[in-house]
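What follows is a single structure, written as structure tokens, with notes after it.
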Amino acid sequence: MRTTISLDDRLNRQVRREAAAQGMSVSAFIAKTLDDALKRREDPEPPPFRLVTVRSRPRPGIDLDRPRALEADEDAARFGRG
């Protein structure tokens with residue numbers, strides 16, 4: 001696909017110099033440079049989630065199916081009942 005881009009003189013000289021140094025056409029150099037830059041920006045796939053558990057039993061009276069109840073009990077013990 002043909003696309004026209006505008007570069008300032010300094011950047012144009014740098015691009016032409018680097019393309020020549022790599023033995024590439026200006027068009028191929030720009031395409032490769034843009035492709036490399038866009039690949040770096042892609043977020044890598046996040047690592048798989050791994051749940052780490054320990055062998056222990058909850059304290060008596062703690063219902064693990066109701067974790068907010070534990071916070072409410074701790075708040076009541078700390079601040080008193082409202």
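The values are calculated or read from the model by the stated rules, or taken from the named source; none is laboratory data. Here the structure is a predicted model, which is why all the values come from computation and not from measurement. Here the Cβ is made from the backbone with ideal geometry for all residues, glycine too, and neighbour counts use every protein chain on show.
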Against the condition in contact with a helix residue (DSSP H, G or I) (Cβ under 8 Å, 6 or more places away or on another chain), surrounded by 12 or more Cβ atoms within 10 Å (Cβ to Cβ), free of Cβ contacts under 8 Å to residues at least 60 places away in the same chain and among the aliphatic types (A, V, I, L, M), how does A20 come out, does it pass? no
Quick one: which residue in A72, A28 is aliphatic (A, V, I, L, M) and closer than 30 Å to T4 by Cα? A28
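Would you be able to tell me the number of residues in the stretch 23-82 that are hydrophobic (A, V, I, L, M, F, W, C), part of a helix (DSSP H, G or I), modelled with pLDDT of 80 or more and surrounded by 10 or more Cβ atoms within 10 Å (Cβ to Cβ)?
Step one: list which residues in the stretch 23-82 are hydrophobic (A, V, I, L, M, F, W, C), which gives 24, 26, 28-31, 34, 37-38, 49, 51-52, 54, 62, 64, 69-70, 72, 76-77, 79.
Checking the rest, the ones that are also part of a helix (DSSP H, G or I) come to 26, 28-31, 34, 37-38, 69-70, 72, 76-77, 79.
Of the ones still in play, those that are also modelled with pLDDT of 80 or more are 26, 28-31, 34, 37-38, 69, 72, 76-77, 79.
Then keep just the ones that are surrounded by 10 or more Cβ atoms within 10 Å (Cβ to Cβ); that gives 26, 28-31, 34, 69, 72, 76.
Number satisfying all stated conditions: 9.
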Test each condition in (1) loosely packed, with under 10 Cβ neighbours inside 10 Å; (2) within 32 Å of the chain's Cα centre (by Cα); (3) assigned to a loop (DSSP other than H, G, I, E, B); (4) not small (G, A, S) for L7 and report the one that comes out false. (1)
Show the residue pairs meeting these rules: Cβ distance below 8 Å; 6+ apart or different chains; first residue within the stretch 46-63 and under 24 Å from E74 (Cβ atoms); second residue among the aliphatic types (A, V, I, L, M) and assigned to a loop (DSSP other than H, G, I, E, B). P58/L64
